[in-house]
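Q: There's a structure below that I have some questions on.
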Amino acid sequence: MIDLASNRRVFGEELQLFRESTRRFLKDHATPYRKEWSEKGVVDRVVWDKAGAQGLLCPSVPEEYGGLGLDFRYHTVVTEEMVAAEADGPGFSVHSDIVTPYLMRHGSEQQKQKYLPECVSGNLITAIAMTEPAAGSDLKGINSRLTQAEGGHVLNGSKTFISNGQLADLIVVVCKNKHDQRLSLVLVERGMEGFSRGKNLDKLGLKAQDTSELFFDNVFIPDSNILGELGNGLQYLTGELPQERLSIALSNSAAARCAIANTVEYVQSRRAFGSAVADFQNTQFVLAELDAEVSAMQVFIDDCIERHLQCELSALTAAKAKLLASELNCKVVDRCVQLHGGYGFMLEYPITRAYANARIQPIHGGTSEIMKHIIARELFSPSHG
């Protein structure tokens with residue numbers, strides 16, 4: 001298996017044992033079930049319990065809430081090793097890197113005490129619900145409504161393309177206040193009256209990760225389930241975007257490196273016209289170019305990780321990382337499929353599955369077009385120069 005930590009200064013020796021234990025865990029408890037989970041469209045919940053017991057979930061949650069109190073590099077290790085192990089089913093990254101930080105930073109003390117220990121153990125699986133049938137990257141288009149009621153509020157609306165949607169026990173739902181049209185975040189729990197799930201969506205890639213439609217029909221949201229302050233949802237979402245987009249970027253960088261490693265191995269064993277495919281200059285030049293580009297990308301991603309550890313990663317830099325890494329991953333897997341020939345079209349090969357999984361990357365977490373808009377807005381701002 002490829003060593004994703006090789007020659008990277010951001011990872012010290014203290015993380016190597018954690019990386020090795022993560023790798024062993026995934027080899028034993030995830031990789032063997034990839035095909036089964038892909039056919040079912042969902043993973044077994046038991047893998048969440050085992051991951052929690054191993055310390056792989058939400059490692060940065062403070063010790064007073066049941067976590068390990070570690071830094072974001074440990075999240076990075078889990079994400080990268082999951083890519084290397086083809087463990088694309090368990091939505092650990094959504095749970096640990098995206099949803100739990102909302103609870104840590106904006107939750108009340110009561111909410112933290114109630115939810116965070118369960119998030120760490122894997123007893124409680126989380127999701128975040130932003131996208132709607134008519135609103136994707138455009139948060140202003142959200143139509144889910146929150147109406148004030150006695151003792152709380154009532155939520156109505158629907159969401160789609162929600163990762164962890166089938167398994168989630170707690171969902172951070174983005175909605176609009178009916179009275180002032182400002183965004184708010186509310187916590188919807190499994191079993192709440194009026195909350196239902198649609199079908200598990202059949203996707204091009206990431207087959208083992210459940211992705212769902214969610215419906216809210218007069219769901220009563222008690223005041224205790226409002227996350228942060230009403231009307232501050234946009235501020236909260238904007239504040240968490242750098243980590244979310246960095247997480248996506250580093251998974252893309254890892255996926256591209258794995259694609260190259262798998263292809264190097266394949267072309268050395270595959271023969272054409274009496275020679276190994278690896279002996280052809282075209283093969284060598286294609287892979288050399290891709291490796292150089294991915295190596296440069298890795299340096300940028302690692303710099304972003306170091307900035308994030310110092311709380312200095314801007315939304316602009318994270319947008320650049322997400323844009324470049326997701327687009328480069330798509331380029332890499334496309335070229336690597338070509339080098340596999342007809343076998344690159346067969347799902348039994350890792351490169352084919354990587355090709356299918358890569359296509360969502362320039363879309364989710366903010367499309368490439370949105371990332372370009374963020375970058376261009378800064379370029380043409382009066383203060384730029």
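Only the coordinates and a few stated rules stand behind these numbers; no lab work does. Just so we're clear, the structure is a prediction, and the values are computed from it rather than from any experiment. Glycine gets a Cβ as well: all are built from the backbone with ideal geometry, and neighbour counts include every protein chain shown.
Q: Could you give the nm distance between label points at T238 and R45, where each point is 7 Å from its Cα heading toward the beta carbon?
A: It is 3.8 nm.
Q: Ok, one more. By Kyte-Doolittle mean hydropathy of at least -0.5 and Cα axial length of at least 27 Å, which whole DSSP H helices of the chain are selected?
A: Counting only whole DSSP H runs, the qualifying helices are 233-269, 281-309, 315-340.
Q: Please report the antiparallel percentage of the DSSP beta bridges confined to the chain, to the nearest 5.
A: So the antiparallel bridges in the chain amount to around 85 percent.
Q: In the range 74-91, whose amide N lies under 16 Å from the spot 7 Å out along Cα-to-Cβ of F300? List them in ranges.
A: Taking a point 7 Å out along Cα→Cβ of F300, no residue of the range 74-91 has its backbone N under 16 Å.
Q: Taking amide H positions as placed in the peptide plane 1.01 Å from N, state which residues far from D210 in sequence (5 or more) or on other chains have amide H under 5 Å from it.
A: Amide H to amide H, under 5 Å and 5 or more residues apart or across chains, D210 pairs with V43, N164.
Q: Report the relative contact order of the chain, percent, no decimals, based on alpha-carbon pairs under 8 angstrom and at least 6 residues apart.
A: Taking the mean separation of contacting Cα pairs over the length of the chain, I get 15 percent.
Q: Using a basic spin-label model with each label point 7 Å from the Cα along Cα→Cβ, how many nm lie between E64 and A315?
A: Calculated label separation equals 3.0 nm.
Q: Scan the range 328-385 for chymotrypsin sites (Phe, Trp or Tyr not before Pro) in coil per DSSP, keeping those whose Cβ has at most 10 other Cβ atoms within 10 Å, and list them by number.
A: For chymotrypsin sites (Phe, Trp or Tyr not before Pro) across the range 328-385 that sit outside H, G, I, E and B with at most 10 neighbouring Cβ atoms in 10 Å, the list reads F380.
Q: Quick check on my link table: of K140/K320; K40/K178; K50/K199; K331/K372; K35/K176, which ones sit more than 29 Å apart, alpha carbon to alpha carbon?
A: Exceeds cut-off: K40/K178; K35/K176.
Q: Using only the Cα atoms of the chain, what are the Rg and Dmax in Å?
A: Cα-based Rg and Dmax for the chain come out at 21.2, 79 Å.
Q: Within the range 237-330, list the chymotrypsin sites (Phe, Trp or Tyr not before Pro) lying in a DSSP loop whose Cβ has at most 12 other Cβ atoms in a 10 Å radius.
A: When the chymotrypsin sites (Phe, Trp or Tyr not before Pro) of the range 237-330 are filtered for loop state and at most 12 Cβ neighbours within 10 Å, F273 remain.
Q: Next up: Taking 0.36 nm per intervening residue step and subtracting the Cα-Cα distance, what contour gain separates E14 from N282 on full extension?
A: Taking E14 through N282 to full extension adds about 92.4 nm, to one decimal.
Q: Follow-up question, since we're still on this one. Per residue, how big is the convex hull around the C-alpha atoms of the range 189-238? Give it to me in cubic angstrom, could you?
A: Cα convex hull per residue, to the nearest whole number: 129 Å³.
Q: Projected area of the range 234-379, taken from the Cα convex hull and averaged over every viewing direction, in nm²?
A: Over all viewing directions, the range 234-379 projects a mean Cα-hull area of 9.5 nm².
Q: Using helices alone, what [θ] at 222 nm do you get for the chain, with -39,500 (n - 2.57) per DSSP H run of 4 or more residues, divided over all residues and rounded to the nearest 500?
A: The helix-only estimate for the chain comes to -15000 deg cm²/dmol at 222 nm.
Q: Once the convex hull of the alpha carbons of the range 127-231 is built, what does its volume come to per residue, in cubic angstrom?
A: That works out to 93 Å³ per residue.
Q: Report Rg (one decimal) and Dmax (nearest whole number) for the range 13-124, counting Cα atoms only, units Å.
A: According to the Cα coordinates of the range 13-124, Rg and Dmax are 13.8, 41 Å.
Q: Something else: May I ask you to derive the FRET efficiency for S137 and K35 from their Cβ-Cβ distance with R0 = 35 Å, giving the value to the nearest 0.05?
A: 0.60
Q: Please give me, ordered by residue number, the GluC sites (Glu not before Pro) of the range 180-220 that lie in loop per DSSP and have at most 14 other Cβ atoms within 10 Å.
A: The qualifying sites are E193.
Q: Of all DSSP beta bridges located in the range 127-231, what percent are antiparallel, nearest 5?
A: The answer is about 85 percent antiparallel.
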